[in-house]
């Protein structure tokens, strides 16, 4: 039996639970809420804090636009939840139903969006292709040539820093126990079934464990002998000073993306560009990722440097990361790519010359958990009784959080979901049923 690291326990650890959820990002927090509402005794644990990583660092887009078709039924159902989520959680989430507007002057980009529109036009979406004139009418302050646009009026955006904590608080109100700074050491099984979990603060007897630990999920699953080809991509975001109004839509242009926050500042990023800081684990997954990594259209830059050296150091047997691999780094420090953000600011000022000076008030980065086919795993695999998995959202997870919570609640309580979930099964990797991704982040 695994020994428990010597850690202070500021909260009493329940001796038992109906389900223990590992990872307090938006997926874990939403699942805790819906499961507690369904009457389950829920314990939610996180090696750090609620929404400490990517769930609070996302752009904040809530969109069906340009999603993988397999995700569209989920997102359509999820948008119904988002419309009433502030009332349901009794919290200001800065929900803005301003739509999603993607604009380009690049023929290849426009052709890609036109193909998506044609491929999904029978799925009941309200997405519209826009002419240059129609696009310009939605962006009166935009300067420069426009080839066309894509607009989905029913999309919107919200504030990531508020949503997962709101779910966590409502889960607490319903009786869920939330343990921060309490990492998962080992999922225990007997006869092939989940029987408990070893945490840093003690053991919890349970016949169900849900793994929703973002980019660390594969480490926890590895302890069960499960291979998940999960990687991560660094994405950088900044918050600007308060700026003149441009649009209520979540906006993606050529080399800049933004959304207007409630206080009048903007979240801004380089549109569809990310960074891979190579480690030994990235190299381990080369057969799964080399094509998208080397495809310049995916907007990914590869870097070799300090993260590789840190990865080597963390593998030394005396390091805590090596002793407790399921926990690994408790709060990884992820630095934003400042030049990328400066370039995004320059493009914003160029394309909207009336906006004035754009300053960066805050900047951050997060590790987006990615999978080779660009869609998540949402599963309760039958060959691992008692295990539930919700991970690998490839930068699309914030928007899906509420419906994922409901889906995982259905799986935990044995209900049949009316949503198509086969594409998200864990076994697709072992089966070799892996399609080419629309995007891996």
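Taking the conditions exactly as written (modelled with pLDDT of 95 or more and more than 22 Å from the chain's Cα centre (by Cα)), does residue 345 satisfy them or not?
Considered against the rule, which asks whether it is modelled with pLDDT of 95 or more and more than 22 Å from the chain's Cα centre (by Cα), residue 345 comes out as yes.
Could you tell me whether any residue of the stretch 397-418 is within 20 Å of the chain's Cα centre (by Cα) and part of a loop (DSSP other than H, G, I, E, B)?
no
I'd like to know if the stretch 286-296 contains one or more residues that are under 30 Å from residue 243 (Cβ atoms), at pLDDT below 85 and touching a strand residue (DSSP E or B) at 6+ places or on another chain (Cβ under 7 Å).
No; the residues of the stretch 286-296 include none that is under 30 Å from residue 243 (Cβ atoms), at pLDDT below 85 and touching a strand residue (DSSP E or B) at 6+ places or on another chain (Cβ under 7 Å).
For the stretch 143-239, list the strands (runs of 3 or more DSSP E) that sit wholly inside it and hold at least 1 residues that are surrounded by fewer than 24 Cβ atoms within 10 Å (Cβ to Cβ); which are they?
148-152, 177-180, 184-190, 193-199, 202-205
For the stretch 374-385, name all the residues that are within 28 Å of residue 165 (Cβ to Cβ), touching a strand residue (DSSP E or B) at 6+ places or on another chain (Cβ under 7 Å) and in a loop (DSSP other than H, G, I, E, B).
376, 380 - these are the residues of the stretch 374-385 that are within 28 Å of residue 165 (Cβ to Cβ), touching a strand residue (DSSP E or B) at 6+ places or on another chain (Cβ under 7 Å) and in a loop (DSSP other than H, G, I, E, B).
As an exercise: evaluate residue 370 against (1) modelled with pLDDT under 95; (2) touching a strand residue (DSSP E or B) at 6+ places or on another chain (Cβ under 8 Å); (3) surrounded by fewer than 22 Cβ atoms within 10 Å (Cβ to Cβ) and give the number of the one condition it does not meet.
(3)
Looking only at residues that are touching a helix residue (DSSP H, G or I) at 6+ places or on another chain (Cβ under 8 Å) and within 16 Å of residue 370 (Cα to Cα) in the stretch 402-435, which one is surrounded by the most Cβ atoms within 10 Å (Cβ to Cβ)?
Residue satisfying both the conditions and the ranking: 424.
Can you list residue pairs whose Cβ atoms sit under 6 Å apart, with the first residue in the stretch 325-338 being touching a residue at least 40 places away in the same chain (Cβ under 8 Å) and the second being part of a loop (DSSP other than H, G, I, E, B) and surrounded by 14 or more Cβ atoms within 10 Å (Cβ to Cβ)? Count only pairs 6 or more apart in sequence or on different chains.
326/223; 327/47; 327/183; 330/47; 330/48; 331/48
Within the stretch 93-100, is there a residue that is more than 19 Å from residue 150 (Cβ to Cβ), at pLDDT 95 or above, assigned to a helix (DSSP H, G or I) and within 24 Å of the chain's Cα centre (by Cα)?
No.
The values are calculated or read from the model by the stated rules, or taken from the named source; none is laboratory data. Predicted model only: the values in this text are computed from it and were never measured. Virtual Cβ from ideal backbone geometry, glycine too; neighbours counted across all protein chains shown.
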